[in-house]
Amino acid sequence: MKRFLHVLLIVLSVPLSCKKLEPAAPEDHETLDGPVEGLSDEQRAMFLKGDIAFNNDVFTKETGLGPLFVSTSCGSCHAGDGKGHPFTTLTRFGQINEQGNLFLHAGGPQLQNRAIPSHQPETIPAAATFSKFTPPANTGLGFLDAVSDADILAMADPNDADGDGISGVANWVSLKNYITLREGSIDNTGKYIGRFGKKGAAYNLLQQTAGAYNQDMGIVSTYEPYDTFSGEEIDPEVSNQTVQHVVFYLKTLKAPVPRNINDPGVLAGKGLFTQINCSKCHVTELKTSRSSIAALSYQTFAPYTDLLLHDMGNALDDGYTEGSAKTYEWRTPPLWGLGLAKISQGGSYYLLHDGRARSIEEAILLHGGEAAYTRDKYKALSKEEKQKLITFLESL
Amino acid sequence: MKKLLLLTTGLIITTTSIGQIDATLLRKRHVDTTGTMLNMDAVYNRPFLSLGKLPVALGGYAEANWQHLGTDGITEGHQFQMRRLTLFVASSIAKRIKFLSEIEFEDGTKEINIEFAAVDVELHPLLNVRSGIIMNPIGAFNQNHDGPKWEFVDRPVSATQLLPATWSNVGFGLYGKLFKKNWVFAYEAYLTNGFNDRIIDNREGKTFLPAAKKNRDRFEESFNGVPLATVKAAVRHLKIAELGVSYMSGIYNKFEDDGLQLDKKRAVNVLALDGNMVVPELHTSINAEWAWIFVDVPETYTQQYAKTQYGGFIDIIQPCHRGKIFGFENSTINIACRLEYVDWNVGKFRETGGNIADHLWGIMPGISWRPSAQTVLRLNYKYYNKIDMLGNPPARTAGFQCGIATYF
């Protein structure tokens, strides 16, 4: 009997050491999701609500999915808030210049290439040019959102006054009627600076979110009330409150935490990055102005973007555009979180706007236009130097 | 020792402790322990209690547990759960006519389900008619799901999140058995109401047969008027093992409504193999099930919803002590291990040609103590490794679970 008591005690004591036998949380620098530091309890609760709507709200026919759609939840395309996979790629078509989209009557700008059963998805009209967009990471967006227009314009150099071959222009976009201007917005004949999306055509995260519900999943809201299938205004399928929670979630996702920052290779790579002018577009440091979220106010951060459009040359010109951007212009993508791209892209890289580059080096070599000079500088680096530069990029 | 083995293969002997009622009034209805029982007999092969001369026998089981699980550093802490309380009522209406019903309360009273409510009429041992709410004989677990028969707190993932256990429907069918020396052959064939389109339109965002159960109307009407056919054949060698092959086939979509064609008929087919055996000498009992699911998903839909899925589990149970423990004369202690694998999306991405992951594997070592044949106290550790569609790093869940399940 005593023996059994002993055994029983041992057996029962095992589970009490439970935590040790449960999988540990990944380190903060190993993942992209999670809130910024310094949120209040109330803000964290709001973040959680947005997190659930973003990741767990899987839409079905009953809750409004489609009839035409691309995917069923935000999280299915933005896994772990990281970059997406070709499976989650969006196709947009029908606009070749700033005159606007010529194919709105034929389902433009976005192709809904999937449909609920007994419906037919859209196809790209034969005459339309198109571009594919692989999802970017959603991290640190609140910081990017809080940069002032003045700061963005200060980086622009439309006429290349400094003669470095790199200009950089803002995408001037018309505002959706539901958008409230952020403090300090600069008006250019009724148009405003867009900063989100690969073409920089979305003014803020509300536009991006309401648009995503509508165009990516076929979910209408009071913000975007038109069904993509019928073109008719229909009853909202997502509440304003949920949309706002998601916007709050996106704003307060932490900025990616760099890794191995003191590694000599990383430090040397960082030096090269500036030396060969990568940092002229992938600007290493930006600062936020005042934000309604205290944790985002007056912060300095390192996104490696200038939020401006650049001519990237013929190879990256798909013949499609948005806002005032040219078809060959792309918004500099933030490079933060680049080293963690693989953990959300299924183990390998899919870089550039459509995921065509399968490695960091390939992405660099596909730079053209304003970046041609920098790209050639990269080519001229020694093998070791190239490796250091890439090691640095992977540490971001 | 032998009794224990029988018990772990699902054959349970009745010994009942009685509360306030005068014990002399209660008759135990013994379950069959001759070894001729098959998995298909599980519904009736349960401990029942009859009151006096009443033709009705009562039974039931309950399962409760504690658990502390964590997924990648995030835990819900200590959880105490009453997973289910099930009541059965059986009655012999006439000599070869019997009725059994099983009503289950799941997660408190969140879900109340009639798992089984059918009349069986025996015309001949080879020809029995069953009608009512029946459990479709797909795999083994679906018909043999009573908590006290298993050594683990959780039901197998492949039984509940790939196959839709407990999967019951209104319908009717035939079954029968044939005995030949050491062999038993059996068949079952039913037509019932079937699946609905939630299997490819659900909050899981994956082809998910259990989602069909969310349709509350399914006991009342068929979703599309096409019956679901389920057939099973099983063979048992009395000293060695039982093997079963089952197949379920139906249409899941509403291809027609109000006389108007809406879509073509889309099929759902399931093939399952199950087996159980006791290794001679070692007395190790092994119980396994594997299923393949094929769903006709429209090409123009999303590949999140798979056309092919498969998965299964194997439970290995080793009795290691038998005797008196804390005064329970027929106590047995088992060590047990379950291995599981489920692939919810077998296929390749159209965009890249790469493999679609969306799979899980799990291992669940545990120990159990059966103070009596009908009651099990079990403690297990569980480790699940779950990979999303794209094949990103896994979500790892692990922790301990401890619970009790007992017939009453």
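The values are calculated or read from the model by the stated rules, or taken from the named source; none is laboratory data. Since we're looking at a predicted model, the values are computed, not measured. When we count neighbours, we look across all protein chains shown, and the Cβ atoms used for this are built from the backbone with ideal geometry, even at glycine. Just the protein is used for accessible areas: all its heavy atoms, side chains included, with ligands, DNA and RNA removed. Shrake-Rupley method; radii C 1.70, N 1.55, O 1.52, S 1.80 Å.
Results, tabulated for the structure shown:
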| item | result |
| --- | --- |
| Heavy-atom accessible surface of the protein assembly as shown: percent carbon and sulfur, 1.4 Å | 58 percent |
| Rounded to 5, the percent of DSSP beta bridges in region B:2-407 classed as antiparallel | 100 percent |
| Heavy atoms of A:Lys83 accessible to a 1.4 Å probe, total area in Å² rounded to 10 | 40 Å² |
| Neighbour count of at most 10 Cβ within 10 Å plus DSSP loop: longest GluC sites (Glu not before Pro)-free window in chain B | B:1-219 |
| Sparsely packed trypsin sites (Lys or Arg not before Pro) within region B:162-257, loop by DSSP, other Cβ within 10 Å at most 14 | B:Lys181, B:Lys239 |
| Positive-pole candidate from A:Phe196, A:Thr134, A:Val238, dipole of chain A, charges at beta carbon | A:Thr134 |
| Inter-label distance, nm, simple model (7 Å from Cα along the C-beta direction), A:Thr274/B:Glu256 | 7.5 nm |
| Too-long pairs where the Cα-Cα distance tops 26 Å, listed order kept, from B:Lys348/B:Lys386; B:Lys254/B:Lys386; A:Lys251/A:Lys388; B:Lys149/B:Lys382; A:Lys280/A:Lys386 | B:Lys254/B:Lys386; A:Lys251/A:Lys388 |
| Separation of alpha-carbon centers, region B:176-216 and region A:110-129, rounded to whole Å | 36 Å |
| Average Cα contact separation per residue, chain A, under 8 Å, 6 or more apart, as relative contact order % | 22 percent |
| Sequence of B:Tyr383, A:Tyr328 when ordered by accessible area, the most exposed leading, probe 1.4 angstrom | A:Tyr328, B:Tyr383 |
| Shape box of the protein assembly as shown [Cα atoms, principal axes, largest first, Å] | 103, 70, 47 |
| Accessible surface of B:Val278 - all protein chains present, 1.4 Å probe, nearest 10 Å² | 40 Å² |
| Where labels lie 7 Å past Cα in the beta-carbon direction, separation of A:Glu362 and B:Thr308 in nm | 2.7 nm |
| Charge tally in the Cβ shell below 14 Å around B:Trp292, where Lys, Arg are +1 and Asp, Glu are -1, B:Trp292 excluded | -2 |
| Cα gyration tensor, region B:2-407 - rounded (a/c under 1.5), prolate or oblate | oblate |
| Percentage of interatomic Cα-Cα distances in region A:33-395 larger than 29 Å | 39 percent |
| Residue-level accessible surface for B:Thr406, protein heavy atoms, 1.4 Å, Å² | 40 Å² |
| Cβ-based charge dipole, the protein assembly as shown, positive-most Cα from A:Gln43, A:Ile261, B:Ser92 | B:Ser92 |
| For region B:64-128: relative contact order, % (alpha-carbon pairs under 8 angstrom, 6 or more apart) | 23 percent |
| Residues A:Asp164 and A:Ala25, FRET efficiency given R0 of 56 Å [Cβ-Cβ distance, rounded to 0.05] | 0.80 |
| Interface size B-A, as summed buried accessible area [1.4 Å probe, Å², nearest 100] | 3500 Å² |
| Which of B:Val43, B:Val121 is most accessible, then next, and so on - probe 1.4 Å | B:Val121, B:Val43 |
| Nearest-20 debye value, chain B charge dipole, Cβ charges on Lys, Arg, Asp, Glu | 1360 debye |
| All aspartates and glutamates inside 20 Å of B:Lys53 as judged from Cα atoms, apart from same-chain residues fewer than 8 positions distant | B:Asp22 |
| Occluded residues from region A:340-355, i.e. those whose accessible area drops by 30 Å² or more once the chain is not alone (1.4 Å probe) | A:Ile343, A:Gly346 |
| Residue (of A:Leu308, A:Pro334, A:Gln345) at the positive-pole extreme of chain A, dipole from beta-carbon charges | A:Gln345 |
| Accessible area in the full protein assembly, largest first, 1.4 Å probe, for B:Tyr252, A:Tyr192 | A:Tyr192, B:Tyr252 |
| Within region A:51-132, GluC sites (Glu not before Pro) in DSSP loop having at most 14 other beta-carbon neighbours inside 10 Å | A:Glu62 |
| Segment B:Ser92-B:Asp263, length gained on full extension (0.36 nm per residue, minus Cα span) | 57.0 nm |
| Region B:2-407, relative contact order [Cα under 8 Å, separation at least 6], % | 14 percent |
| Mean accessible surface per residue for region A:33-395, computed with a 1.4 Å probe while every protein chain stays in place, in Å² | 41 Å² |
| Spacing of the two label points (7 Å from each Cα toward its C-beta) at A:Leu5 and B:Ala395, in nm | 4.4 nm |
